[in-house]
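To start, the structure under review is shown below, and the notes come after it.
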Amino acid sequence: MTYQVALTALADPTRRRVLETLKSGPLPVGGIARGLPVSRPAVSQHLKVLKEAGLVTDRAEGTRRIYYIDPRGLAALRAYLDQFWDKALAAFQAEVESQSDKERDEKP
């Protein structure tokens with residue numbers, strides 16, 4: 001999974017809600033659709049996109065498919081986003097240290 005595919009999949013608000021619904025644990029399509037204002041077939045299509053993006057996976061349980069978040073896909077997306085957070089924190093730390101140095105230099 002590339003982060004671009006995952007971000008594209010998550011650009012849709014319904015797919016984000018599907019993923020948020022799966023936070024609480026694995027569910028069949030009917031269980032996911034219950035909390036959404038779209039049909040079960042539409043939820044199935046959204047799940048297909050999320051699965052292709054590597055964000056969810058499924059397993060057979062009798063005659064139904066149970067969907068759950070794929071931690072590997074989520075970890076890859078998080079690693080991509082973390083690089084921005086790491087850079088932002090480093091820039092913040094550099095600014096704080098710079099301000100501290102200026103204040104120390106200004107003291108009589």
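Throughout, read-outs are computed from the coordinates displayed, never taken from laboratory work. Since the structure is predicted, the reported quantities are computational estimates derived from the model, not experimental observations. Because the Cβ atoms are built from the backbone with ideal geometry, glycine has one as well, and the counts that use them run over all protein chains shown.
Here the contact order of the chain, divided by its residue count and restricted to Cα pairs under 8 Å and six or more residues apart, works out to 27 percent. For the chain, a simple Cβ point-charge model (Lys and Arg +1, Asp and Glu -1, everything else neutral) yields a dipole of about 940 debye relative to the Cα centre. Relative to the longest principal axis of the Cα atoms of the chain, the long axis of helix 71-106 makes an angle of roughly 20 degrees. Per residue, the convex hull spanned by the Cα atoms of region 3-106 measures out at 122 cubic angstrom.
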